[in-house]
Amino acid sequence: MRDGYLNGESFTYRVSTCQVGAHYLFFEDDDKHANASVQYRFVVRFTPFSEVDECECRDDSFDGACQIPFAQPIEALIAPWFDDDPRDIDQDYFELDIGAPGVIEIEVLEVPGNIDLDLYVYGPGQEVDEIGVRNGYLNGEAFTYRVSTCQAGPHYLFFEDDDGQANALVQYRFVVRFTPFSEVDECECRDDSFDGACQIPFAQPIEALIAPWFDDDPRDIDQDYFELDIGAPGVIEIEVLEVPGNIDLDLYVHLR
Ligand SMILES: [Ca+2]
Ligand SMILES: [Ca+2]
Ligand SMILES: [Ca+2]
Ligand SMILES: [Ca+2]
């Protein structure tokens, strides 16, 4: 329903439906008393969800999540749902098939100018297993969000507009990539502690990642522990060959 505010005001109204069949609309003057000697004019357009948001008519919930592939752009719409529809704030749920621990990267390529897109990421435990949140700040802002997981199995994400009020005529677009820890940091899913330390050999380059852990994960500040098997007194030299440009790497050496 769209209530007029001003005499003579033209407007565009959008609303979504998951039903097929006859739909109806009617117009009337707001105070019901006026009549006019000239016509009002309007045009109706229709866009099927199959063209803009294939999963839209599933539940906005974990059960309704649409399984999506990695490394392929996905398009969806923050659709205009009417206030008294259970879906009134459009949330779009997606399911990722995560086969091993690793880093999930969600690159949002495009966001409509009136949408401030929020992203939530969950592990296999669904709502009790939140592993990441990326709150939007600006309308139309694209972003890349990374988060790690040590679990295998279905993972979930959903998008919504930050204030839940906006809807869009154009789609947002994103792509999800996954890098297993077996390729970048083999010991990452052990405890960040002396007990979890990974024994490493001498004279062989070791690679690891300061991985993106979510704030309320026990691992939120990534520490990587390594164990050296020292058989005799001597000098230990640790040559750090490469450090990513945004990392200021601290090193601690302990005798336990
Ligand atoms: Ca949608
Ligand atoms: Ca939806
Ligand atoms: Ca690490
Ligand atoms: Ca670690």
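The values are calculated or read from the model by the stated rules, or taken from the named source; none is laboratory data. The structure presented is a predicted model; accordingly, all values stated were derived computationally and were not measured. Every residue, glycine among them, receives a Cβ derived from its backbone with ideal geometry; neighbour counts consider all protein chains shown.
Across region 122-129, not a single residue is classified as farther than 23 Å from R219 by Cα and in a strand (DSSP E or B). Considering region 175-199, the residues that are away from ligand 3 (no atom under 13 Å from the Cβ) and β-branched (V, I, T) include one that is nearest to Q72 (Cα to Cα), namely V175.
Filtering region 1-60 to residues that are farther than 21 Å from D88 by Cα and surrounded by 10 or more Cβ atoms within 10 Å (Cβ to Cβ) leaves D29, D30, F42. Can you find a residue in region 94-107 that is outside the structural domain of D220 (by TED's automatic domain parsing) and within 16 Å of ligand 2 (Cβ to nearest atom)? Yes: one or more hits.
Return the only residue of Y137, Y145 being under 21 Å from D92 (Cα atoms) and free of Cβ contacts under 8 Å to residues at least 40 places away in the same chain. Can you show your working first?
Numbers: Y145 fails: free of Cβ contacts under 8 Å to residues at least 40 places away in the same chain.
Going through Y137, Y145 in turn, the sole match is Y137.
Among the listed residues I74, I78, I104, which satisfies the condition of being among the β-branched types (V, I, T) and over 20 Å from N167 (Cβ atoms)? The match here is I104.
Results for (1) within 11 Å of ligand 4 (Cβ to nearest atom); (2) in contact with a strand residue (DSSP E or B) (Cβ under 7 Å, 6 or more places away or on another chain); (3) farther than 21 Å from E130 by Cα; (4) at pLDDT below 95, shown as yes or no for each residue.
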position	(1), (2), (3), (4)
S182	no, no, yes, no
D185	yes, no, yes, no
Q199	no, yes, yes, no
P205	no, no, yes, no
D229	no, yes, yes, no
E237	no, no, yes, no
V240	no, no, yes, no
D248	no, no, yes, no
V253	no, no, yes, no
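Selection of first residues in region 53-71 that are within 16 Å of ligand 4 (Cβ to nearest atom) and of second residues that are in a strand (DSSP E or B), restricted to Cβ pairs under 8 Å at least 6 apart or on distinct chains, gives an empty result. Taking the criterion of being in contact with a helix residue (DSSP H, G or I) (Cβ under 9 Å, 6 or more places away or on another chain) and among the aromatic types (F, W, Y), the residues of region 110-156 that qualify are Y122, Y156.
Would you check if A100 is within 17 Å of W213 (Cα to Cα) and not in a strand (DSSP E or B)?
yes
Can you tell me how many residues within region 87-97 are within 16 Å of ligand 1 (Cβ to nearest atom) and either under 13 Å from the mean Cα position of the chain (by Cα) or in a strand (DSSP E or B) (or both)? Result for region 87-97: 5. On inspection, L77 qualifies as surrounded by 20 or more Cβ atoms within 10 Å (Cβ to Cβ), within 12 Å of ligand 1 (Cβ to nearest atom) and closer than 18 Å to P48 by Cα.
When N35 is tested against (1) more than 16 Å from ligand 2 (Cβ to nearest atom); (2) part of a strand (DSSP E or B), exactly one condition is not met: (2).
Let's see how each residue does on (1) surrounded by 14 or more Cβ atoms within 10 Å (Cβ to Cβ); (2) in a loop (DSSP other than H, G, I, E, B); (3) outside the structural domain of A76 (by TED's automatic domain parsing); (4) in contact with a Pro (Cβ under 6 Å, 6 or more places away or on another chain):
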| residue | (1), (2), (3), (4) |
| --- | --- |
| I131 | yes, no, no, no |
| V147 | yes, no, no, yes |
| F174 | yes, no, no, no |
| A203 | no, yes, yes, no |
| L209 | yes, yes, yes, no |
| P212 | yes, yes, yes, no |
| D216 | no, yes, yes, no |
